[in-house]
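**Student:** Shown below is the structure under consideration.
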């Protein structure tokens, strides 16, 4: 049931209500029912947890990409078992999340069997946050890392042409008697979705985040998006991490580098066709039996040092609030979703 939110001009939906609405949208635009459920739960989780640059904000991009024929929403991923800890998946030009789900049980089994499991996705489209990919592994007591490259929108440190994507990294580890420690961060100074939101809202960026089409530093998000580029975070240090993600996310998996694919003939395409690597570790192989306690201990030490929150804390707070009170959508976003069904 849709409820008018407390904020004027807003609507509240329960999580499953939002999932059902998103499923209908995805199916309407050619996504198979099984894949639609996976994508809808992923996108709704981002909105629920306050990851707004990867929630409802992404729906027009999903729709336009599907309409363009650039991505196959009904793709059936093919899992390739190498017989060891290394598993490969050909996503068949579909979305990354269904490809992960297709191989997830095998990946967990291999991590338990060998102490570590690797999953390499190729010919996949990733258009969401990374934390939903890794957090469920930590819920099962495993450590997980993921690396994914994207479309070329980041100029290398000291360079003059965009080569890297925002190239995020995500990490998740279980803790004792509290939610897992999870971080998800781009190797660029700011995520591309946040630049788009700033442009839409008319806000300037912080210094050091982007350059215009002539390579000059700019705080104008529209200049960054109009032929400009983002910068790596931390200068040459972020540059090294972005390059590592290209190697792990594309070269190792068989995916495209961020600047290697051509979508110029697919008007409206927005979902980058790249690759993704997962590394999943069974911490029990460490042999000390206190891994969860140790992760909780170091988390407590960081908080006691004066840091007011750890990565993921705010997201968990938003999740608890949204679960109790409903997910708040602006009236504009709710109307946008309704227009697609």
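All of the numbers you see were taken from the coordinates with simple rules; none came from a lab. The structure displayed is predicted, hence computed values, not measured ones. For neighbour counting, all protein chains shown are included, and Cβ atoms are generated from backbone atoms with ideal geometry for every residue, glycine included.
**Student:** In bins 5 Å wide, starting from 0, what share of all Cα pairs of segment 189-228 does each bin hold, as a percent?
**Tutor:** 6, 32, 39, 21, 3
**Student:** Next up: On average, how much area does the Cα convex hull of segment 123-254 cover when viewed from any direction, in nm²? List each step's numbers first, then the result.
**Tutor:** Numbers: hull surface 35.7 nm².
The directionally averaged projection comes out at 8.9 nm².
**Student:** Right, next: Given the Cα atoms of segment 1-150, and with Rh set as the inverse mean 1/r over their pairs in the Kirkwood sense, what is Rg to Rh to two decimals?
**Tutor:** Radius of gyration relative to Kirkwood radius: 1.01.
**Student:** Test of understanding: what is the full-extension gain from residue 251 to residue 284, defined as 0.36 nm times their sequence separation minus their Cα-Cα distance?
**Tutor:** Between residue 251 and residue 284, full extension yields an extra 8.8 nm.
**Student:** Starting from the Kirkwood Rh over alpha-carbon pairs, what translational D in µm² s⁻¹ does segment 61-206 have by Stokes-Einstein at 20 °C and 1.002 mPa s?
**Tutor:** 126 µm²/s
**Student:** So, one more: Need the full-extension length gain, residue 266 to residue 309, defined as separation in residues times 0.36 nm minus the C-alpha distance. One decimal, nm.
**Tutor:** This chain segment gains 11.2 nm when fully extended.
**Student:** Something else now. Just how many % of Cα pairs in the chain lie over 29 Å apart, if you round to the nearest whole percent?
**Tutor:** Counting pairs separated by more than 29 Å, the tail of P(r) holds 40 percent.
**Student:** Suppose R0 equals 51 Å. What FRET efficiency, 1/(1 + (r/R0)^6) with r the Cβ-Cβ distance, do residue 29 and residue 139 give to the nearest 0.05?
**Tutor:** The calculated FRET efficiency here is 0.95.
**Student:** Say each of residue 298 and residue 236 gets a label point 7 Å from the Cα, pointing the same way as Cα to Cβ; how far apart are those two points in nm?
**Tutor:** With each label point 7 Å from Cα toward Cβ, the separation is 2.7 nm.
**Student:** Can you show me the helix-derived [θ] at 222 nm for the chain, built from DSSP H runs with n ≥ 4 at -39,500 (n - 2.57) apiece and divided by the number of residues, rounded to the nearest 500.
**Tutor:** Helices in the chain give a 222 nm mean residue ellipticity of -12000 deg cm²/dmol.
**Student:** Identify the residues of segment 107-128 with backbone N under 17 Å of a label point that sits 7 angstrom from the Cα of residue 78 along the Cα-to-Cβ direction, or state none.
**Tutor:** Those under the cut-off are 120-125.
**Student:** Another question, if that's okay. So how far apart, in nm, are the two label points at residue 214 and residue 17 if each is 7 Å from Cα heading toward Cβ?
**Tutor:** Between residue 214 and residue 17, the simple spin-label model gives 5.1 nm.
**Student:** For segment 235-308, what is the largest minus smallest coordinate of the Cα atoms on each principal axis, given in angstrom and ordered from greatest to least?
**Tutor:** 53, 33, 26
**Student:** Follow-up. If you build a Gaussian network model of the chain, linking Cα atoms that sit under 10 Å apart, which residue out of 210, 158, 249 swings the most?
**Tutor:** 158
**Student:** Right, something else. Per-residue counts of other Cβ atoms within 10 Å, averaged by peptide: what ranking do you get for 286-294, 88-96, 270-278, highest first?
**Tutor:** Peptide ranking by packing, descending: 270-278, 88-96, 286-294.
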